[in-house]
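Notes follow once the structure below has been shown.
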Amino acid sequence: MAYNAKLKDWLSPSATIIPSTGTAVEYFNPDLNHYFMTADPAEQAYVDTGAVGKWLRTGQTFKAGGSKAVCRFYGNTLPNPATGVAFGPNSHFYTADTSECDFLVGFYNPAEPSWKFESYDFNITDVVGGACPTGTVPVYRLYNRGYERGVASNHRFTRDLALANQMAQEGWSFEDVKMCAPQ
């Protein structure tokens with residue numbers, strides 16, 4: 001179980017190489033009222049085709065790069081036997097915090113709503129003492145408070161502090177600087 005959850009990413013000879021540079025691009029799906037981002041150019045091209053739904057680029061981006069891998073999670077896709085619907089949440093979550101990543105990997109439960117580790121999506125620079133090192137810019141994380149509101153959880157990541165503050169005024173939880181992107 002531990003091998004499939006995390007160790008395979010480090011021990012498997014076919015482990016995915018994390019891109020050292022690139023651009024994380026944000027999308028919005030008006031049907032789901034959710035945000036999503038990816039730094040994988042092939043995934044961006046696929047999402048842009050519309051094959052996975054009505055995901056539209058928002059214009060929000062930030063550069064990838066740094067020495068810290070960002071963990072990417074998706075909600076539990078196994079079907080709930082009681083409903084036949086995936087446990088969820090129907091959303092992605094990203095973190096560069098090693099302890100947060102490790103906690104969520106260990107917390108995954110295939111029999112209930114939880115986050116399932118997908119991959120390391122891109123590299124970034126760590127936050128140091130609540131701030132970003134010289135040569136980097138802060139990336140803020142917001143949470144729609146879905147769990148407490150009874151809707152699917154969703155997070156948004158942005159470099160734009162004014163946008164982050166606006167979303168906080170609209171009821172999103174402002175979770176502060178969570179990663180630092182190259183300028």
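The values are calculated or read from the model by the stated rules, or taken from the named source; none is laboratory data. Model, not experiment: these values are computed from the prediction. Virtual Cβ from ideal backbone geometry, glycine too; neighbours counted across all protein chains shown.
Would you call Asn76 modelled with pLDDT under 95 and of a type outside the set (Phe, Trp, Tyr)? Talk me through it step by step, then tell me what you get.
Values: modelled with pLDDT under 95: yes; of a type outside the set (Phe, Trp, Tyr): yes.
Against the criterion (modelled with pLDDT under 95 and of a type outside the set (Phe, Trp, Tyr)), Asn76 qualifies.
Pull up segment 145-163, narrow it to residues that are among the hydrophobic types (A, V, I, L, M, F, W, C) and over 16 Å from the mean Cα position of the chain (by Cα), then point me to the one that is nearest to Gln60 (Cα to Cα). Steps first, answer last, please.
Start the filter on segment 145-163 by keeping residues that are among the hydrophobic types (A, V, I, L, M, F, W, C), which leaves 151-152, 157, 161-163.
Pick out the ones that are also over 16 Å from the mean Cα position of the chain (by Cα) and you get 151, 161-163.
On the way: Val151: 24, Leu161: 12, Ala162: 13, Leu163: 10 Å.
Across segment 145-163, the extreme among qualifying residues is Leu163.
Listed here are the strands (runs of 3 or more DSSP E) enclosed by segment 18-134 that have at least 2 residues being small (Gly, Ala, Ser) and surrounded by 13 or more Cβ atoms within 10 Å (Cβ to Cβ): 22-29, 68-79, 86-95. Among the residues of segment 47-98, the ones that are under 13 Å from the mean Cα position of the chain (by Cα) and among the basic types (Lys, Arg) come to 1 in all.
Anything in segment 97-124 that is of a type in the set (A, V, I, L, M) and either closer than 17 Å to Phe36 by Cβ or touching a residue at least 60 places away in the same chain (Cβ under 8 Å) (or both)? List them, or say none. Result: Val105, Ile124.
Okay, residues lined up against (1) under 17 Å from Phe93 (Cα atoms); (2) modelled with pLDDT of 95 or more; (3) of a type in the set (Val, Ile, Thr):
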| position | (1), (2), (3) |
| --- | --- |
| Ser114 | yes, no, no |
| Val137 | no, yes, yes |
| Gly146 | yes, no, no |
| Val151 | yes, no, yes |
| Ala162 | no, yes, no |
| Gln166 | no, yes, no |
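Among the residues of segment 135-150, which ones are under 15 Å from Pro182 (Cβ atoms), buried (at least 16 other Cβ atoms within 10 Å of the Cβ) and not β-branched (Val, Ile, Thr)? The answer is Pro138, and nothing else. When the criteria are applied in full, Tyr94 fails the requirement of being in contact (Cβ under 8 Å) with a residue 60 or more places away in the chain and more than 25 Å from Tyr27 (Cα to Cα). Among the residues of segment 145-162, the ones that are touching a strand residue (DSSP E or B) at 6+ places or on another chain (Cβ under 8 Å), part of a loop (DSSP other than H, G, I, E, B) and either free of Cβ contacts under 8 Å to residues at least 40 places away in the same chain or more than 20 Å from Pro113 (Cβ to Cβ) (or both) come to 3 in all.
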